[in-house]
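K.L.:
After the structure tokens below, expect a handful of questions from me.
Read-outs: derived from the displayed coordinates by stated rules, not from any lab. Owing to the predicted nature of the structure, the values given are computational and were not obtained by experimental measurement. For neighbour counting, all protein chains shown are included, and Cβ atoms are generated from backbone atoms with ideal geometry for every residue, glycine included.
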Amino acid sequence: MTTPTGSRLRQLTTPRAAALAGVLFAVLFGAVIVLIRTKMPEGLNSSADWLRPGQSGIATAAELMPFAGISFLWFIGVVRDGFGRYEDRFFATVFLGSGILFLAMMFVATAVAAGLVASNKGVTDPATHMQVIDFGKMVVLSTSKTYAIRMAAVFMISLATIWLRTGLMPRWLVALSYLVALAVLIASDISMWVTLTFPAWVLVVSGLILARSGRFEELRDHHG
């Protein structure tokens with residue numbers, strides 16, 4: 001294969017600043033969860049006051065979620081780049097699949113929540129409307145705190161296993177990841193607040209990636 005005259009092929013490398021995507025995701029996703037949880041009551045409720053435009057932060061959460069999702073995809077790319085040739089296909093597949101499923105389900109949850117806000121106008125049948133609201137609210141809560149966060153737990157477990165087998169991250173982070181994932185798997189249905197443990201974990205991981213980026217570059221150069 002030939003290259004144009006005067007040009008030279010260069011290997012693409014992940015910029016160190018890309019690890020900041022995890023920090024951005026942690027902040028944005030944390031804000032989404034706080035906005036939804038503080039505005040949307042858990043359980044069935046006979047009032048739709050939380051959907052009124054002047055009192056609802058649900059629409060703001062729905063606007064922030066796409067940017068949180070973009071940041072999370074960048075975070076996945078940064079983490080996977082750190083594996084280099086140490087990547088295990090089995091655990092890497094679980095890692096990617098669970099991360100994408102988590103993101104997809106959070107998109108669904110915030111989209112349904114935004115739909116509830118948009119539909120709370122010009123109501124002609126209040127009784128039927130309340131049934132729709134209760135159904136939509138339970139979809140949002142179930143999707144986020146039952147399904148999405150458990151996919152996040154699988155994401156943490158698979159990533160911790162890769163780190164344990166390769167030694168790319170310290171053992172204390174591996175142990176912390178397993179403990180947080182186990183707690184999320186068991187207690188996620190108790191409250192939506194449990195979902196906040198995931199962005200907090202991403203924030204810790206992003207900080208370590210930034211601090212240890214030099215080691216990842218050395219490993220890549222050594223095995224390149």
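K.L.:
Fully extended, how many nm does the chain gain between residue 111 and residue 176 (0.36 nm per residue separation, minus their Cα-Cα distance)?
P.N.:
Numbers: separation 65, 0.36 × 65 = 23.40 nm, distance 3.18 nm.
Full-extension gain reported as 20.2 nm.
K.L.:
Sort 154-167, 108-121 by packing, meaning the average of other beta carbons within 10 Å per residue, with the highest value first.
P.N.:
Per-residue mean Cβ counts within 10 Å order the peptides as 154-167, 108-121.
K.L.:
Turning to a different aspect of this structure: So how do 96-102, 170-176 stack up, highest first, on mean other-Cβ count within 10 Å?
P.N.:
96-102, 170-176
K.L.:
Zone of residue 142 (label point 7 Å along Cα→Cβ, backbone N under 20 Å): which residues in region 172-199?
P.N.:
185-195
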